[in-house]
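**Student:** The structure is given below, and queries will be raised subsequently.
Just so it is clear, none of the values below were taken in a lab; they were calculated from the coordinates. All figures in this text were calculated on a predicted structure; none of them were measured in a lab. Every residue, glycine among them, receives a Cβ derived from its backbone with ideal geometry; neighbour counts consider all protein chains shown.
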Amino acid sequence: MLDRDPDVPRRAGETVPLAGASTIAPANHALNLYVGMVVAAGALVVLTTVWLSGWDEPTGPRPDLFWLFLVLFAFAEARPMAWLRRDEGGEVTASWTFALALLLVAPPGSALLGVACACLLSDALHRKPVVRGLFNAANYSLSLGFGSVILGITGQRTALFDDHPGILLFVAFLLTAAAVLVLNSVLTSAVLALVQNRPPWPMIRQGVALNLATDAMLLALAPVFVVVAQRSLTFVPLLVLTTWAVYRSVELALDRQHEITHDALTGLPNQRLFLEQAAAACRAAGERGQELAVVLVDLDRFTAINDHLGHHVGDRCLQEVADRLQAAKRTSDLVARIGGDDFAVLVTGSGAGPGTAALVDRLRASLLEPCLIGGVPVAVAASFGIVVYPEHGDDPEALLRNADHAVYAAKSELTNIATYEAAKDERRNNRWDLLAELGSAIETGQLTLYYQPKLDLATGRLAGCEGLVRWIHPRLGLIPPARFMPFAENTELIHRFTEHVLRVALTQSARWERLGIRLDMAVNASTRNLHDLHFPTTVAGLLAEAGVSPGTLEIEITENTVTADPVRSTTVLGELRALGVRIAVDDFGTGYSSLAHLRDLTVDSVKIDKSFITDMSHNPPDRAIAQAIIDLARNLGVVTVAEGIETVDAWDELKALGCGYGQGYLIARPLPAAEMTAWVQALPCGVWKPDAQADDG
Ligand code: C2E
Ligand code: MG
Ligand code: MG
């Protein structure tokens, strides 16, 4: 039976007092009023029934049965570990069987008084708050009182003592049991709804349905007990055993129900239950025109805890985090574990208001102390993403999705807490839209290359150029690579993309050669290209197609390419070099540099990243790094190229340090092919002189 306890105890013995005694729950006047009214009505019903029943034969025609069932009732009530947790917070007990049996053997006044007293006594023994004991007793009294009225109306109150009870008794009993069950479910679900600040009707419907499915059979045993006990008390123990078996099967069914809706590790509701509850809460909030919030809690660097300290420690951390979040939430909030290291909190009653902000602060504060696992403090930190219904989504799935984006923003902006912003998401969506268009952009020739000259620093002679992609979008205009390359590089599209860029670059080389301009051509390749074992064949094919000698082409890779998969990239790079293509390490000094790679890969040149070059004349550490790279490369027999030369000072210093080549805005920005051709043709004797240029490039 959905019995009397409105809390949702997560572990045995862990409870929250009924009437808002929790310090974090806001004063719930409606709840207090409701409990007060139920208690008053219960007391009134007991007194009236006792008065109406009179005291002629207080324990009915069979006092032995009265006392037997009262003792069994008290026993079923008092068993400390017999309570079953139920998702909605109720408990299953067998005591209702005996309460109903009492109603069938004794005058209603004695039955109600006996049950109420036994109930108060049991709760007092369990040190439950007085108000809760009173509510429970009132709940029993009202439900039994209602049942007793039905028995009275149908004239079947003592019919079980007749020699030949008729079919009417059967019908009357069914009605009585239904009345008891429904009223009890309504009273309990209503208090649950008030405690959890949730809409009452769905909870009542749910409560009644659950009771009908599970506890109706326990109630059905009541008349059987009476009949057997009338015949002989000897058989009652056998029936108690049967009841226990029925009770066990209900218990197993509920356990099963619990398993599919809860997370085994933490005992918290799982994603399924969370989505169900959130959907109901959204519907109710929508009907009332209210807001609600969902807070997604994502642990930071949890994979590192698992990897470095072991899954056992990871599991213990998750349990600890679950406990802390559970303790920090308000009674009306629902905490669930919805994924590996993701927890979600459903916050009803305060959408974007200060209530949610205060809650998030509490949740965050609860995770500040490290978790003590086996005496070792393990620090756990989390990021929080907040979404509000209906502003950020009108169903739980949309809310969770956007909360996930908010968490992502919180992590990437290092703010820890972020509320969902549609604008940011739009930008992200734009990137995705852009990526979706990239395929057709390749087909329709929207991708073009700009060329940036590369000079020999010692002589100022033009040595080559770097081809840098530009997307001339029909609607958005010129899009720089930073806006799409990072995403394109993570997709399989990058193979077609690089093939296209190489074709354009090599075709341009061939065109320049025909004009008598001989320039080395550097092209950037992505990590995926260098992990593709067919890449050297593709490059060889493109060189042949354009009729350009392999020595003209230089492929730029980054250090990270090699670290990601040293075996594959070493094979691919080896084959490219065997073709006669040269390899440059781009952005050198910014990746996971390993000097061993420089030795093992036998690259042809390193390009010192522009972050060390641009400001090197004013920044001694930058200069020191540039110098170290130049010296190292010289000793390894590798050519150095400085990128990002913006000032004459930088040019002079690099030249003095012995850097081989340079490119940068001082010399020229990346130029479209035609402009590059004009720029080259305008160079006197193919030599560029810094003195002729302005310092600002
Ligand atoms: P990167 O290969 O290091 O290219 C150099 C970047 O520095 C270019 O930016 C260039 O315009 C810029 N730059 C050149 N001189 C200066 C200077 O003096 N000062 C400053 N502040 N910047 C200078 P861009 O063209 O926007 O390219 C950015 C990055 O996009 C490239 O860096 C490269 O990693 C990637 N990328 C460009 N084209 C391609 C391509 O075709 N394929 C691949 N896989 N990546 C490409
Ligand atoms: Mg480059
Ligand atoms: Mg670079």
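**Student:** Taking H placed 1.01 Å from N in the peptide plane, check which residues at least 5 places from LEU457 or on another chain put their amide H under 5 Å from its amide H.
**Tutor:** When sequence neighbours closer than 5 places are left aside, the close amide H contacts are TYR661, GLY662.
**Student:** May I pose another question? Residue separation times 0.36 nm, minus the C-alpha to C-alpha distance between ARG431 and GLU397: what's the value?
**Tutor:** Additional length available on full extension: 10.0 nm.
**Student:** Restricting to bridges with both residues inside the chain, how much of the DSSP beta-bridge set is antiparallel, in percent to the nearest 5? If you can, show how the numbers build up before the last one.
**Tutor:** Numbers: 42 of 68 bridges.
Of those bridges, close to 60 percent are antiparallel.
**Student:** Sticking with this structure for a sec: Whole angstrom only: what separates the Cα centroid of the stretch 47-72 from the Cα centroid of the stretch 398-424?
**Tutor:** 64 Å
**Student:** A further question follows. So, in nm, how far is label VAL687 from label ARG205 when the simple model puts each one 7 Å beyond its Cα toward the Cβ?
**Tutor:** 8.9 nm
**Student:** Under a no-solvent Debye model with one identical scatterer per Cα of the stretch 178-272, what's log10 I(q)/I(0) at q = 0.12, 0.18, 0.21 Å⁻¹?
**Tutor:** Values, matching the q order: -0.55, -0.96, -1.10.
**Student:** Once every DSSP H run of n ≥ 4 in the chain is given -39500 (n - 2.57) and the sum is divided by its residues, what mean residue ellipticity at 222 nm do you get, rounded to the nearest 500 deg cm²/dmol?
**Tutor:** Taken over the chain, the calculation gives -18000 deg cm²/dmol.
**Student:** Could you work out how far the C-alpha centroid of the stretch 347-377 sits from that of the stretch 599-672, in angstrom?
**Tutor:** If we compute the Cα centre of each part, the gap is 49 Å.
**Student:** For the stretch 132-177 and the stretch 235-304, compute the distance between their C-alpha centroids and round to whole Å.
**Tutor:** 32 Å
**Student:** Percentage of Cα-Cα pair distances in the stretch 29-261 greater than 25 Å, rounded to whole percent? Present the calculation step by step, with values, prior to reporting the outcome.
**Tutor:** Working: 10378 of 27028 pairs.
Result for the distance tail: 38 percent.
**Student:** Can you list the lysines whose alpha carbon is less than 21 Å from that of LYS610, not counting same-chain residues fewer than 8 positions off?
**Tutor:** Result set, ordered by chain and number: LYS454, LYS655, LYS689.
**Student:** Another question, if that's okay. By count of other Cβ within 10 Å, fewest leading, how are MET616, MET676, MET485 ordered?
**Tutor:** Details: MET616 26, MET676 23, MET485 17.
Starting with the residue having the fewest Cβ neighbours, the order is MET485, MET676, MET616.
**Student:** Please state the Cα pair-distance histogram of the chain with 20 angstrom bins from zero: what percent is in each bin?
**Tutor:** Calculated P(r), rounded to whole percents: 15, 31, 22, 16, 12, 4, 0.
**Student:** With r as the distance between the Cβ atoms of ALA327 and VAL376 and R0 = 30 Å, compute the FRET efficiency 1/(1 + (r/R0)^6) and round to 0.05.
**Tutor:** That pair, VAL376 with ALA327, gives E of 0.85.
**Student:** What is the Cα coordinate range of the stretch 271-420 on the first, second and third principal axes, sorted by size from largest, in whole angstrom?
**Tutor:** If we take the Cα atoms of the stretch 271-420, the spans are 49, 30, 27 Å.
**Student:** Would you please give the residues with an amide H less than 5 Å from that of ALA382, counting only those at least 5 places away or on a separate chain, with H modeled from the backbone geometry?
**Tutor:** ASP300
**Student:** What distance in nm separates the simple spin-label points at LEU174 and TRP55, each placed 7 Å from Cα in the Cβ direction?
**Tutor:** 4.1 nm
**Student:** Ignoring solvent entirely, what values of log10 I(q)/I(0) come out of the Debye formula for the stretch 356-438 at 0.19 Å⁻¹ when each Cα is a single scatterer?
**Tutor:** So the normalised log intensities work out to -0.88.
**Student:** Using the basic label-point model (7 angstrom from Cα toward the beta carbon), what is the ALA578 to ARG62 distance in nanometres?
**Tutor:** 9.8 nm
**Student:** Right, another one. To the nearest 0.05, how large is the calculated FRET efficiency for LEU238 and GLU492 if R₀ is 51 Å and r is the Cβ-Cβ distance? Could the numbers behind the result be given before it?
**Tutor:** Numbers: r = 71 Å, r/R0 = 1.39.
Once rounded, the FRET efficiency stands at 0.10.
**Student:** Follow-up question, since we're still on this one. Take the stretch 502-574, drop everything but the C-alpha atoms, weight them equally and run the Debye formula without solvent; then report log10 I(q)/I(0) at 0.13, 0.17, 0.19, 0.28 Å⁻¹ to two decimals.
**Tutor:** For the stretch 502-574, the Cα-only Debye profile gives -0.40, -0.63, -0.75, -1.25.
**Student:** Return HIS405, HIS495 ranked ascending by Cβ neighbour count within 10 Å, so the fewest neighbours appear first.
**Tutor:** HIS495, HIS405
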